[in-house]
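So the structure is just underneath, and the comments pick up after that.
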Amino acid sequence: MKANSKVGTEAKPRSRYNELKQMLEERRRELQAQVQGKIRDVRSEGTWGGKQNEVLDAVESSDADIQDEIEFALISMKSETLNKVNDALARLEQGDYGDCFECGEEIGEKRLRALPFAVRCKDCEEARETAEKRERQIANRRGASSLFFDM
Ligand SMILES: [Zn+2]
């Protein structure tokens, strides 16, 4: 019926783009909420507990310090991830996101959902891992045999 109903092949990467964009934006929203929520938690605990801690003994306040440090580490980890998500979104806009670094094929959507910052497709990643393993084995064998032959 429609004149452009044959443009179906063009529509496919577009929907992949939308899916990936949605996936990344969801993740960004989640991370933003977590980072902001955590910062708010630490702040309110800080001002609230600050006055009380003056009376508490050193052990308890150092526990609170460790807690703060863990919170802080979590926040910086999450904001780092948030930066990566923003970076991925920028790359998606440029059309560079989601393609395999090695073979240029599209990385499966399922894989990207599990590993949003994957730069290789499953096949290339596995090939790389096997190659690395083999190299290590060869290096080990060489190391062992050199004990006997390099005299
Ligand atoms: Zn690949």
All but one of (1) more than 16 Å from the ligand (Cβ to nearest atom); (2) modelled with pLDDT under 95 hold for residue 88, so report the exception by its number.
-> (2)
Tally the residues that are loosely packed, with under 15 Cβ neighbours inside 10 Å and either near the ligand (Cβ under 10 Å from one of its atoms) or among the aromatic types (Phe, Trp, Tyr) (or both), restricting the search to region 109-121.
-> 2
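Within region 91-108, which residues are away from the ligand (no atom under 15 Å from the Cβ) and surrounded by 16 or more Cβ atoms within 10 Å (Cβ to Cβ)? It would help to see each step written out before you state the result.
Of the residues in region 91-108, the ones away from the ligand (no atom under 15 Å from the Cβ) are 91-95.
Result: 92, single match.
Given the criterion at negative phi, within 16 Å of the ligand (Cβ to nearest atom) and surrounded by 10 or more Cβ atoms within 10 Å (Cβ to Cβ), identify the matching residue among 71, 132. Give the steps one after another, and end with the answer.
Details: 71 fails: within 16 Å of the ligand (Cβ to nearest atom).
Sole residue among the options that is at negative phi, within 16 Å of the ligand (Cβ to nearest atom) and surrounded by 10 or more Cβ atoms within 10 Å (Cβ to Cβ): 132.
The values are calculated or read from the model by the stated rules, or taken from the named source; none is laboratory data. Only a predicted model underlies this, so the values are computations on that prediction, with no experimental measurement involved. Cβ sites come from the backbone with ideal geometry, for glycine too, and all protein chains shown count toward neighbours.
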